[in-house]
Amino acid sequence: MTVKFVPCPFNGCTSQRVKSSGRWGWFVSCACGAVGPSADSREGAIEAWNRRFEPRQMSLELGV
């Protein structure tokens, strides 16, 4: 089964790995060092990575 990952928010890479930390559960990590939220299962870690919050760039409005 091929797992589809949402691209990394920092470098756009799609070659993430799912890892187990033992104590903290499963998480997705990217080659750039970004780490997703931990979960109780491998599938849960992938789902958490793929549905993470994407911050939006806020525009600066100057009242000049």
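Bear in mind that the values in this text are calculations on the coordinates, not laboratory data. Please read these numbers as outputs of a predicted model, since none were measured by experiment.
Amide hydrogen proximity for residue 13: with H placed 1.01 Å from N in the peptide plane, the residues at 5 or more positions away or on another chain lying under 5 Å are 8. Across the stretch 37-43, coupling constants 3J(HN,Hα) worked out from phi with the 6.51/-1.76/1.60 Karplus curve, θ = phi - 60°, read x, 7, 8, 6, 9, 4, 5 Hz, and Gly and Pro carry x.
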